[in-house]
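What follows draws every value from the coordinates through simple rules; no lab data is involved. No experiment lies behind these values; they were computed from the predicted model shown. Cβ atoms come from the backbone with ideal geometry, glycine included; neighbour counts cover every protein chain shown.
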């Protein structure tokens, strides 16, 4: 019995980890005022690049390159939405299309198949790979950065009232670029975790909507790092409920269990909306 | 020494010359008032001084030296600070964060909140600007927010402070407090440029006055040299045509009544506190009051855009309290909103689409819009109201502001409403267009009745058959036409009846 | 419609081709061969058939998304809406398989519309009542649809013999005729064009459309103007979903004659609808033209996969670049105007 509970907790934490990375990313981006629904695409490229790079260069370079690939994709989003003031949702959709397209088309064209096995193996400490700890540390670090540093104050000011920040000498464009690129790096890390550490391979479309759940977690968590952590853990544990249910032989069909996190998200959003508010200027392009 | 000198500043915009060789001299440590009507060029001039605009011609001197001010940062570097009419505060941050943003005290990467707070408190004590450093901006009153804006300017060592219509959004008591702050600032060695169009303020605070009109400097004078009448004449420059108010019919029975209305405002506090008002058929009731005393919310409740939690609104013997805007429209109440651009029209729609806005049911049969009927009506209306250009298919955003407003006016009047609510009907219109609006308001009175809400006291006095004064969410005085002076009205608008204490709004 | 409206999509596609060429070179193929293959594939022989076939779904989802946009709403849920629309239509077809086709077909079409409409109504309702952001909700609804239908096709509605997650075969009376090949053109393209005409009529000739557009432009003014803003928002989302419900009608009734889980649940055309609406400037005529362009790419890429081995997912990649090029190009051009 204890064994089952421990397995459940461990599994829950592991399943939350990619969500935590992506969700944190979302927080940085939206706090600077840019909606980023392209987290899914950024996670996918992170997952893909980290496996391929990992196989060639090793575990750590692989992960770093995965994060970098996410950052590059995010850069595209930033250019479109911050410099060219394009609609942020449309840009996010395009990022996802790019991510999906790239991560299917390149492996199939180059390797003839869409799953790539990872040749790296990550060390584990009591069942958790290093990136899990990195994720937790990043949550604490992000809280510090966003709410206790000058950088964080300025980043948030740009997301609340860019006009004010602008008149006080803060570069709205620069802050938003940084926020968006950080979100890409984190999403890339989330993808890297999934492919290298969690499943030891990359398969097409493996992110399967987690980028969107991460968005929901961010909203539910009130756009704060700890809030996002809590929400991601909730979703992660809900996900790992699957294993428990199967262990106990309860006959709920897998597809139904799979849809529970999404349903949960809607329920939470529909009821929580009155409590939490996004950054004031979230989603609006800034023009002088 | 001259703190600021602007010499021959010229600024042109596509349709107008906002500043035409304007000169301004401000002495050190004086309070200098810059006055003029809306559109005279005051704000443009100050925006140039603050680096938000670049002048096409002319020079700027600060403390005797010529300078180029390319942006607000340059202005701040030269010791110039500006408190804008529309605050640039971050609602969800607290006072300290707002004041120090961009010039924070740091400990490494960390934001030194304690040190920042200390410096803010020190500053606030020095200049008599009471403030709670930990308070969140959106919880503060407008007057308190303005103090934060002033502290922002002082924190950046401004020696010259520009205030753009600072009293426009304050309650009477807050205005008194502001006068006190200005005294304090002056004693602290600061120079203040005070933009206003209210004569009373000029007489109260200014040491010297410069009058602008139509983009030109008219005169600069010491306070001792002027009085309100001569000042007013200089600002307006010509006799305003007297409005011909000829009543065609008599006054009938009561058709509209508001009883004991209580409602909350946008910040959640009570703004209508048991308001009572009556309107009879055939009369124009003018609602006089300083902006911010509840008139906006009263109009919103009457037209269904805001809910009241107590009291009643009735029209033609029927209760219309808390009904939807559509239902109220259908009963014959038309509304010309104060914010015609943002609320009264859809920019992307064509003229004819805007003309049926709110009336679309009348132009539809079986769900389909009858275009011939619509276009016919549109063409007729556009002729009648002399809207230019005449093309009813053009998007309304292509029209000038005045013509856009005519469309809104035309639409509301075309339904021959029994009650017309005209909210700031001539705001933003030139004299010719305003006269036209007045004619139409008289027409509306002949068809029913009119509730006129305006911050232009002359307009209220000229047009109204009865004047009601709104103050602090209630009607505090009422007068028949011709039986009251501007002074008396102004007094009531400030909430004063002799020695009674002004209630805190 | 001004010239610019036609040039922008074409230039965006050209840019996408250019960038795509770099990637094609990267994987060791010849870009010229690749693109030639794509165009040939879209038109030659049976290619035409599939081009028209894809165009149908693209027009439908494009119209759905555009309708939402006209009300200021982002319907990212067209995928889910087409899934429930298709599934429910098939279910009704199987349930009433005895009924003669001339009665059953309209009912079945209506079922697709109703189911999609319901799926769109839910996020619309939440937005109108609670202000819940429709972007996240519609995305979630996509995954809920996948889960629900996945379950239905693996258990209760599964075709009896066999392990494949698919439904029974739909009664032959409802099989729509096909022209030009395996996945060929079928009458649903006419349905799609008819829908485009109807949407045009709705938006610009009816009171409802007028109110939808007003709310999309300025909800505050619309409230002042007496329009019931929450009701209009919910209605617009429901209509959007209703249209989307028909997007896979051709797959189910003309091509496979049954619902196949992998096919229905793998649908991506909901996102393509966004692209189409964007390129077509949310106008039915533009949407038809944009759908044609995109259909050429889509079916061309599929054919090219067999011919020269460029994976069909290249199409997704091209699409992403097209969106970016279009959006950036538009902004750059818009800045030059006046």
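Rounded to the nearest 0.05, what FRET efficiency do residue B:112 and residue A:171 give with R0 = 22 Å and r taken as the Cβ-Cβ distance? Could you check? Don't skip to the answer; put the middle values down first.
Details: r = 22 Å, r/R0 = 1.01.
About 0.50, to the nearest 0.05.
Does the stretch A:89-140 come out rounded, prolate or oblate by the C-alpha gyration tensor, with a ≥ b ≥ c the root eigenvalues, rounded set by a/c under 1.5 and, if not, prolate when a/b is larger than b/c and oblate if not? Walk me through the numbers before you get to the answer.
Working: a/c = 5.34, a/b = 1.38, b/c = 3.86.
The shape class here is oblate.
So if we plug the beta-carbon distance of residue B:179 and residue A:136 into 1/(1 + (r/R0)^6) with R0 = 45 Å, what FRET efficiency do we get, rounded to 0.05? Present the calculation step by step, with values, prior to reporting the outcome.
Working: r = 56 Å, r/R0 = 1.25.
Between residue B:179 and residue A:136 the formula returns 0.20.
Specify whether the C-alpha gyration tensor of the stretch A:114-171 places it in the rounded, prolate or oblate class, a ≥ b ≥ c being the square roots of the eigenvalues: rounded for a/c under 1.5, otherwise prolate if a/b is larger than b/c and oblate if not. Could you put the intermediate results ahead of the total?
Details: a/c = 5.36, a/b = 2.40, b/c = 2.24.
It comes out prolate by the Cα gyration axes.
Using every Cα-Cα pair within the stretch B:41-97, state what percent have a distance larger than 18 Å. Please report the intermediate quantities before stating the final value.
Working: 642 of 1596 pairs.
Distances greater than 18 Å cover 40 percent of the Cα pairs.
Using a simple spin-label model with points 7 Å from Cα along the Cα→Cβ vector, what separation in nm is obtained for residue B:457 and residue B:339?
Between residue B:457 and residue B:339, the label points sit 2.7 nm apart.
If you take the beta carbon distance between residue A:284 and residue B:254 as r and set R0 to 56 Å, what does 1/(1 + (r/R0)^6) give as a FRET efficiency, to the nearest 0.05? If you can, show how the numbers build up before the last one.
Working: r = 47 Å, r/R0 = 0.85.
E between residue A:284 and residue B:254, to the nearest 0.05, is 0.75.
Remind me, what semi-axes does chain C give for its equivalent ellipsoid, largest first in whole Å, using sqrt of 5 times each Cα gyration tensor eigenvalue?
Working: eigenvalues 177, 174, 60 Å².
Semi-axis lengths for chain C are 30, 29, 17 Å.
Over all directions, the average projected area of the alpha-carbon convex hull for chain B comes to how many nm²? List each step's numbers first, then the result.
Numbers: hull surface 107.1 nm².
Mean shadow area of the hull around the Cα atoms is 26.8 nm².
Taking the square root of 5 times each eigenvalue of the Cα gyration tensor, what semi-axes in Å does the equivalent ellipsoid of the stretch C:87-145 have, largest first?
Details: eigenvalues 191, 24, 8 Å².
Listed largest to smallest, the semi-axes of the stretch C:87-145 are 31, 11, 6 Å.
As a check on your grasp of the helix formula, calculate [θ] at 222 nm for chain A: sum -39500 (n - 2.57) over DSSP H runs of n ≥ 4, divide by the residue count, round to the nearest 500.
Working: 11 runs with 203 residues, N = 288.
Helices in chain A give a 222 nm mean residue ellipticity of -24000 deg cm²/dmol.
Starting with the fewest neighbours, write out A:77, B:416, C:70, B:262 ranked by other beta-carbon atoms found within 10 Å of each beta-carbon. Don't skip to the end; give the middle numbers.
On the way: A:77 31, B:416 12, C:70 24, B:262 16.
Fewest to most other Cβ atoms nearby, the residues stand as B:416, B:262, C:70, A:77.
Extending each Cα 7 Å along its Cβ direction at residue B:480 and residue B:23, get the distance between those two points in nm, one decimal.
5.5
Quick one: helix A:225-247 against the long Cα principal axis of chain A, what's the angle to the nearest 10°, folded into 0 to 90?
The angle comes out near 20 degrees.
Assign one of three labels to the stretch C:262-338, namely rounded, prolate or oblate, based on the Cα gyration tensor with a ≥ b ≥ c the square roots of its eigenvalues; rounded applies when a/c is under 1.5, prolate when it is not and a/b is larger than b/c, and oblate otherwise.
Numbers: a/c = 2.40, a/b = 1.76, b/c = 1.36.
Verdict is prolate for the stretch C:262-338.
Hey, what's the per residue convex hull volume over the C-alpha atoms of the stretch C:21-89, in cubic angstrom?
On the way: hull volume 10.6 nm³, N = 69.
Once divided by residue count, the hull of the stretch C:21-89 is 154 Å³.
Which whole-number percent gives the relative contact order of the stretch A:1-72, counting Cα pairs below 8 Å spaced six or more residues apart? Provide the component values of the computation, followed by the final result.
Values: 47 pairs, mean separation 15.4, N = 72.
Worked out over the stretch A:1-72, it gives 21 percent.
Find the Cα radius of gyration of chain A, compare it with 2.2 N^0.38 Å by division, and give the number to two decimals.
Numbers: Rg = 18.7 Å, N = 288, 2.2 N^0.38 = 18.9 Å.
Scaled against compact globular proteins, the figure is 0.99.
Would you mind computing, in nm to one decimal, how far apart the modelled labels at residue B:198 and residue C:176 are, each placed 7 Å from Cα along Cα→Cβ?
6.9
Taking only C-alpha pairs under 8 Å that are 6+ residues apart, what is the relative contact order of chain A in percent? Kindly include the intermediate steps, with their values, before the conclusion.
On the way: 546 pairs, mean separation 107.1, N = 288.
Computed value for chain A: 37 percent relative contact order.
Counting helices only, and only those DSSP H runs with n ≥ 4, report the 222 nm mean residue ellipticity of chain C as the sum of -39,500 (n - 2.57) divided by its residues, in deg cm²/dmol to the nearest 500.
Details: 14 runs with 245 residues, N = 338.
Computed mean residue ellipticity for chain C: -24500 deg cm²/dmol.
If each Cα of the stretch A:159-208 is one equal point scatterer, what is log10 of I(q)/I(0) from the Debye formula at q = 0.17, 0.25 Å⁻¹?
Results for the stretch A:159-208 at q = 0.17, 0.25 Å⁻¹ read -0.61, -0.88.
Send over the Kirkwood Rh of the stretch A:1-140, from the inverse of the averaged 1/r over different Cα pairs, rounded to one decimal Å.
Values: mean 1/r = 0.0608 Å⁻¹.
Answer for the stretch A:1-140: a Kirkwood hydrodynamic radius of 16.4 Å.
Where in the stretch A:82-119 does the label zone of residue C:33 land, with the point 7 angstrom along Cα→C-beta and an amide N cut-off under 17 Å?
Counting only backbone N, you get A:109-112.
Specify the angular offset, from 0 to 90 degrees and rounded to the nearest 10, of the alpha carbon long axis of helix B:142-155 from the longest principal axis of the alpha carbons in chain B.
Between the helix axis and the principal axis of chain B, the angle is about 30 degrees.
For helix A:254-272, what angle does its Cα long axis make with the longest principal axis of chain A, in degrees from 0 to 90 and rounded to 10?
For helix A:254-272, the angle is close to 30 degrees.
What percent of all Cα-Cα pairs in the stretch B:151-222 falls in each 5 Å bin, counting up from 0?
It works out to 3, 13, 25, 26, 17, 11, 4, in whole percents.
Return a whole-number percent for the relative contact order of chain B, with Cα pairs under 8 Å and 6 or more residues apart as the contact set. Write out the running numbers ahead of the final one.
Working: 953 pairs, mean separation 69.6, N = 505.
So the answer I get is 14 percent.
Would you calculate a helix-derived [θ] at 222 nm for chain B, using -39,500 (n - 2.57) for each DSSP H run of n ≥ 4 and dividing by the full residue count, to the nearest 500? Show your work: numbers first, answer last.
Values: 16 runs with 159 residues, N = 505.
Mean residue ellipticity, 222 nm, calculated: -9000 deg cm²/dmol.
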